[in-house]
Each structure stands twice: as C-alpha cells, then as structure tokens.
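Since the structure comes first, as structure tokens, the remarks are kept for the end.
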Amino acid sequence: MSTFSKFVAAAAAVAAVAVLGAAAGAAQVTNTGPERFTAFAINMNANRPTEAATTVDVVINRYSTDRERDTLREMFRANGQDGLLKALQRLPAVGYLTTPGSLRYDVHFARQRPLPEGGRRIFLLTDRRINYWEAASGSRTLDYPFTLIELQLDRNDTGMGKLNIAAKITGSEDSVIEIEDFAAQPVRLNNVHKVKS
C-alpha cells in the first residue's frame, strides 16, 4: 500500500470512528451551525483531474446530536452496513451539498471534533444517490451506498478535505471499523474555507 493510500485509509478510519465509535461525552467544538463552506474538488481518478475539477459547497444547518450518533452506532453494531444505511436515511437532513449546475443533495449526519493544535475536523455522512440504471443492473457499486466527507480546518476555518463519493462501511469482530472506497482514491478538496455570512 502506498504512503498516500495509507494516509487515506487512516483518515477514513478516523472519520468512521467519529461517526460510529466516539464515546458519549467526547469533546466537541462549540460551533452549532448554520455554517457554509466552499472547496475546490479535484477527482484524481479522472484521466485529466484538472479538467474534472469543480467547486463544492457544503452547508451545515446544524450538527447531529449525541442521540443521533448513538442511534447510528447501535444500528451498525446490530445490523451492519444495511442497518446503518436504513437508520441514516430516517434521520432528518442537517445540511446539504451542491456543485455548479446541480441540485442540492441532503446530508443526514454531521459531527465535528477539535484538533490538538487548534482548528477542527468536520465529518459528514449521507446515503449516496443511486440512479435507475445502477439499481436495475445490480452493479457492484450498490455495495458502496455511503458518501463521506472530511474537512480539516485550522483556527481560521481554512484547510483541506476528502470526499468519498461511494463508500462501504464494515466492522470486524474485534470492533475495528473500516471504510472502503469504490474509487482508487477519494476526491481531494482543496482551498476549503468558511463563507462569512
């Protein structure tokens, strides 16, 4: 596994723990929303990544509660990825994603954690939009029903991030949570910054 792949895997594991494994009472940042962030997304899986680049807006109307997190965690432990997906879909939208010329896409879970050096990490999880042809063909991508976003911000709310468009979340008997991305690597989010209201 390459150094970059190890970095991506480690970041995904951190995100999974933030969603599913964080203990109640873990430190949280005081920002409660609403917040809007914009980023420059580069799909490194494309033949010409710079030509596949676009802006992405991330809007968080509120952050998910401990109770919502616990519900997802319990459903994942009891019923695996399928249980997690159903529980996630039942949660109300807490924000949304947009790209130029597209409809907004609801996000059902958002959490944040402070970083030791200041700043914060924001994690967003939602169900992935699946089109008719994908569902009808029984594509292998159906095993990757989640979209996961991680933003790493400094004290000034600027930074970078990653977007796993199609992800699978699994857990082993020793309680290790794993994220598998259908793509070779996640979409990179550069020049992330908070939009001042």
Handout entry: Extreme residue, modelled with the highest pLDDT, among residues of the stretch 150-192 that are assigned to a strand (DSSP E or B) and among the hydroxyl-bearing types (Ser, Thr, Tyr)
Key = 158
Exercise for the section: Just give me the residues in the stretch 98-116 being assigned to a loop (DSSP other than H, G, I, E, B) and either without any contact (Cβ under 8 Å) to a residue 12 or more places away in the chain or farther than 14 Å from residue 159 by Cα (or both), in sequence order. Expected result: 99, 100, 101, 102, 103, 104, 108, 116
Fill in the blank from the handout: Taking the stretch 25-59 and keeping residues among the small types (Gly, Ala, Ser) and modelled with pLDDT of 65 or more leaves 33, 39, 41, 53
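The values are calculated or read from the model by the stated rules, or taken from the named source; none is laboratory data. What you are looking at is a predicted structure, and each value in this text was computed from that prediction instead of being measured. Every residue, glycine as well, gets a Cβ built from its backbone with ideal geometry; the counts of neighbours run over all protein chains shown.
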